[in-house]
1. Can you tell me how the range 47-140 classifies by the Cα gyration tensor, rounded, prolate or oblate, using a/c under 1.5 as the rounded cut?
2. Setting aside same-chain residues fewer than 8 positions from Lys156, which lysines have a Cα under 16 Å from its Cα?
3. If you bin every alpha carbon distance in the range 64-114 into 5 Å steps from zero, what whole percent lands in each bin?
4. If I ignore ligands, DNA and RNA and count only protein heavy atoms, how much of Lys88 is accessible to a 1.4 Å probe, in Å² to the nearest 10?
Amino acid sequence: MKYTIRQLLLVSCLAVLVLGGCSNVSNHPNNTVSPSPFAAENEINTLIYTDQQKKEILAAAQKAGVKTVYIPTIGGGPDDSFEGIEVKGNTLILKFLRMAIAQSEEEIGPAVEGGDEKEVQLTDEVTGKWIPENESSVAFLYFKIGDTYLNYSSAKPFIPQEYEASARSMIPLD
C-alpha cells in the first residue's frame, strides 16, 4: 500500500505527540491558543502556550504599555517554541527558540530607513517590510497590526517565508 507524504508526516507528527506526552506542558484544552486561519500553511510549526505563559505575557504587555498584544500560532521554523518574555521600556519582547518578536505602541523600526527594504503582503490588511540591519547579514520583518508595531528578528539566518507565515498567524491575546 502506498502512502502520500502528507499521510507519513501526519503519522510522524502523531507519534512525536504521543511519545513526547511526558513534557511539563499540559494537553488540557484551556492551555492552547486556537490557530489562526493561516495555520494550515505550516501545521508542523504550531505553537502552544500554557495558561501561565498567557498570563505572564499579558502582565508584561501591561508593564510595557502594549494594550493589544499579539502572539503567533505558527513558529519561525519546524522546532520553534516559546522561550520567555522581556520588557525594555515601552517594548514587549516575546522570545522563541528561532526568533524574537518586539511589540510596542510606539514605532520600533530602524532609525534610518534604507533603500534595500523589501515590501511583503502578509494579509489583505497588513503589509510588512524586510529591513536589513546595519553590519549584519540578517534582516528583520517590521509591520503594524492595529495600534501595535511588531518587529520579527533573529541573531541567526532563517527562512523568510517561515517568518512571514508566523507573522500571518498573529492573533490578539485576550
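The values are calculated or read from the model by the stated rules, or taken from the named source; none is laboratory data. A quick note: this is a predicted structure, and the numbers were derived from the prediction, not measured. Areas reflect the complete protein model, heavy atoms only, side chains present, ligands, DNA and RNA absent. Shrake-Rupley method; radii C 1.70, N 1.55, O 1.52, S 1.80 Å.
1. prolate
2. Result set, ordered by chain and number: Lys95.
3. 5, 19, 25, 20, 18, 10, 2
4. 120
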